[in-house]
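Data first, discussion second: the structure below is written as structure tokens.
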Amino acid sequence: MLKAEIIATGSYVPEKVLTNFDLEEMVETSDEWITERTGIKERRVSGKDQAVSDLAYEAAKNALKQCDLKAKEIDLIIVATVTGDMPFPSTACILQDRLDAKKAAAFDINAACSGFLFALSTAESFIKSGAHKRILVVGADALSKFVDWADRATCVLFGDGAGAVILQAATGDSGILSTHLYSDGSFGEMLMLPAGGSRNPASKETVRKSLHAIKMKGNETFKIAVRTLENLAVDTLKKNNLKPSQLTALIPHQANLRIIQATANRLGLPMDKVVVNIDRYGNTSAASIPIALDEAARTGRIRKGDYILLEAFGGGLTWASALIKW
Ligand code: ACO
């Protein structure tokens, strides 16, 4: 049976570091509060001239280098982002041009922090159907450009970055074993960016009311995320007839260290099997899983034959998981 296999990974984060101590100078907060409530110590922030496609481009180049493929050999590019360069053209089309990947069709996916897994699952289906052979999947976001820097409840949480993977068909036992996608639009207002679309087009009023910045009901989102992700992790392993002890790594979306620990606890998984980089990057939305995956692969933390569980939760609401045999 045909599977989709990840043959290369790459990632990129902007150079500029913003620490909790820097934030202490900007809003009424403290390193202690941010560290205790979220696990974040610092995050990366893109430069004025850096857009999401620039982050995606660097991550994609790093992935291409790893597998010696030419961009011309890629036949589909999917970018998961909610902070694309502009409403259209898609960031995937901008990336296709930058990479000179002339043979690739290209489109974006919007599933907020779950976006990378939605994109991975879409790519997996295209590979299995035979419609596309070599697919570049990128998760990239620059939420620093969409936070209200006076709102301490959100501005301390997010960071910028991009992660990429390249997929191709495999016939052995390695590859993506299953993906699981879920949404509940009735909770849309938990996490939203209210203006700039056709509902509330940009106006002086939307700018004055700060409606172009992310709004989040943090505590309610937290409770739903913990419950949902715990159940999702258990169900994904069950569907693959695997026990938690057979996992080499859990690679979760990095929104909050306490949410990550809750999932690990529910699985009975020691934290040394959980890939955590939230302390260095904060919540990078669709980029968080592919950045963590790339770091785990490059440092030898995951090796051929290992079982890895990926899971994410984000705006929409959306949530998703993937079980991979590396
Ligand atoms: N510094 C100091 N105090 C703060 C800060 C801050 N930066 N932010 C909030 N507070 C205060 C609040 O005002 C509140 O004070 P009060 O008790 O006097 O009213 C108190 O701290 C507690 O606030 P809560 O919001 O209840 O804090 P909580 O423990 O829930 O932590 C957090 C907040 C970190 C946002 C948490 O709720 C969370 O991580 N939520 C989930 C986020 C998530 O998973 N999002 C999904 C993915 S994101 C995406 O899709 C783009």
Taking all protein chains as present, what is the carbon and sulfur share of the accessible area of the chain, in % to the nearest whole number, probe 1.4 Å?
52 percent
What is the Cα coordinate range of segment 1-156 on the first, second and third principal axes, sorted by size from largest, in whole angstrom?
53, 34, 28
Cβ-Cβ FRET estimate between Asp151 and Phe88, R0 fixed at 25 Å, reported to 0.05
0.30
Go ahead and collect, in residue order, the members of segment 153-193 whose backbone nitrogen is under 11 Å from a label point 7 Å along the Cα-Cβ direction of Lys133.
169
Give me the 1.4 Å probe accessible area per residue for segment 177-325, excluding ligands and nucleic acids, in Å².
45 Å²
Modelling each spin label as a point 7 Å along the Cα-to-Cβ direction, I'd like the Lys238/Thr35 distance in nm, to one decimal.
3.9 nm
Of Asp184, Asp97, Asp68, which has the most accessible area and how do the rest follow, probe 1.4 Å?
Asp68, Asp97, Asp184
Quantify how much of the Cα-Cα distance distribution of the chain extends past 33 Å, in percent.
20 percent
Sorted by accessible surface (1.4 Å probe, heavy atoms of the protein chains only), largest first, Trp326, Trp33, Trp149 come out as Trp33, Trp149, Trp326
Leaving out ligands and nucleic acids, and using a 1.4 Å probe, what accessible area per residue does segment 1-150 come to in Å²?
46 Å²
Would you mind getting me the FRET efficiency between Glu73 and Glu28? Use the beta-carbon distance for r and R0 = 45 Å, nearest 0.05.
0.30
Tell me, what are the semi-axes, in whole angstrom and largest first, of the equivalent ellipsoid of segment 143-270 as set by the roots of 5 times the Cα gyration tensor eigenvalues?
35, 18, 14
Explain nothing, just compute: Karplus ³J(HN,Hα) = 6.51 cos²θ - 1.76 cosθ + 1.60, θ = phi - 60°, for every residue of segment 99-115 in order, whole Hz, x for Gly and Pro.
7, 6, 8, 4, 7, 8, 6, 8, 7, 9, 10, 10, 9, 6, 5, 8, x
The summed charge of the Ala264 Cβ neighbourhood (under 14 Å; Lys/Arg +1, Asp/Glu -1) stands at 0
Apply the Karplus parameterisation 6.51 cos²θ - 1.76 cosθ + 1.60, with θ equal to phi minus 60°, to every residue of segment 177-193 and state each ³J(HN,Hα) to the nearest whole Hz, in sequence, with x for glycine and proline.
8, 6, 10, 9, 10, 9, 8, 9, x, 5, 9, x, 6, 5, 8, 8, 10
Within the chain, longest stretch free of exposed GluC sites (Glu not before Pro) [DSSP loop, at most 11 other beta carbons within 10 Å]
29-326
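The values are calculated or read from the model by the stated rules, or taken from the named source; none is laboratory data. What you are looking at is a predicted structure, and each value in this text was computed from that prediction instead of being measured. Methodologically, a virtual Cβ is constructed for each residue, glycine included, from the backbone with ideal geometry; neighbour enumeration extends over all protein chains shown. The protein model used for the area step is the full one, side chains on, heavy atoms only, and it has no ligands, DNA or RNA in it. Shrake-Rupley method; radii C 1.70, N 1.55, O 1.52, S 1.80 Å.
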